[in-house]
Amino acid sequence: MGFSDLTGDEGGSNPNFHAFLWERPGPMQDLGTLSGDAISEALGINAQKQIVGVSYAAGFSNPRAFLYENGHMIDLNSLAPNSPVYLQVGGDINDEGVIVGQGCLPADCASGTSFVSYVAVPTGDGRYRVSATGAPAARNSYTAGSPMTPQQILPRLAFGKLATAR
């Protein structure tokens, strides 16, 4: 699991890579991108082979967190309709399906300078309940370059054992 260059990547001037999954002894499986995007990165996987990561439009614009399962890449934002933040990066997923990552407050997404950490917990009906530092109830946002670790965010959100990151 990770990301790999595709044919046509000319030494970094035209990045062209996709998320992939590799299982022995088979070949690498290209996971593609979210609809309309050009680039993707797989960043976390659990025992059920659910994969999370980020999909970008051309030029690394409009990052969107994704969940890949059952052969399909899904925009995580569509699975978290009441999220207080826009989910930009799926950083990791544990064996209970809890996802940690980076997002932004909707009013701050365009500036690209203010980010928040989030935890997305499955609700059992295919959707996720999202809590985040920096969300209106918490107001503990941080700026680019100083990310919070899952160990810092999880106790603040009181998820206890269920959301303990790997």
Is one or more of the residues making up the stretch 137-144 at pLDDT below 85 and within 20 Å of GLU41 (Cα to Cα)? yes
Residue satisfying condition, being under 12 Å from the mean Cα position of the chain (by Cα) and touching a residue at least 40 places away in the same chain (Cβ under 8 Å), within set GLY97, GLY91, GLY103: GLY91
Name the pairs: first residue in the stretch 17-39 and farther than 15 Å from GLY59 by Cα, second residue among the hydroxyl-bearing types (Ser, Thr, Tyr) and at pLDDT below 90, Cβ to Cβ under 7 Å, at least 6 apart or on different chains? PHE20/SER4; MET28/SER4
So which residues in the stretch 81-103 are surrounded by fewer than 24 Cβ atoms within 10 Å (Cβ to Cβ), farther than 18 Å from LEU43 by Cα and either out of contact with any helix residue (DSSP H, G or I) (no Cβ under 8 Å at 6 or more places or on another chain) or among the charged types (D, E, K, R) (or both), if there are any at all? PRO81, ASN82, PRO84
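Where in the stretch 18-67 are there strands (runs of 3 or more DSSP E), lying wholly inside it, with at least 3 residues that are crowded, with 18+ Cβ neighbours inside 10 Å? Give the derivation first.
Working: elements: 28-32, 39-45, 51-57.
Strands (runs of 3 or more DSSP E) meeting the threshold: 39-45, 51-57.
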Residue count, the stretch 103-118, condition at pLDDT below 85 and of a type in the set (A, V, I, L, M), comes to 2
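The values are calculated or read from the model by the stated rules, or taken from the named source; none is laboratory data. Just so we're clear, the structure is a prediction, and the values are computed from it rather than from any experiment. Neighbour counts run over all protein chains shown; Cβ positions are idealised from the backbone, glycine included.
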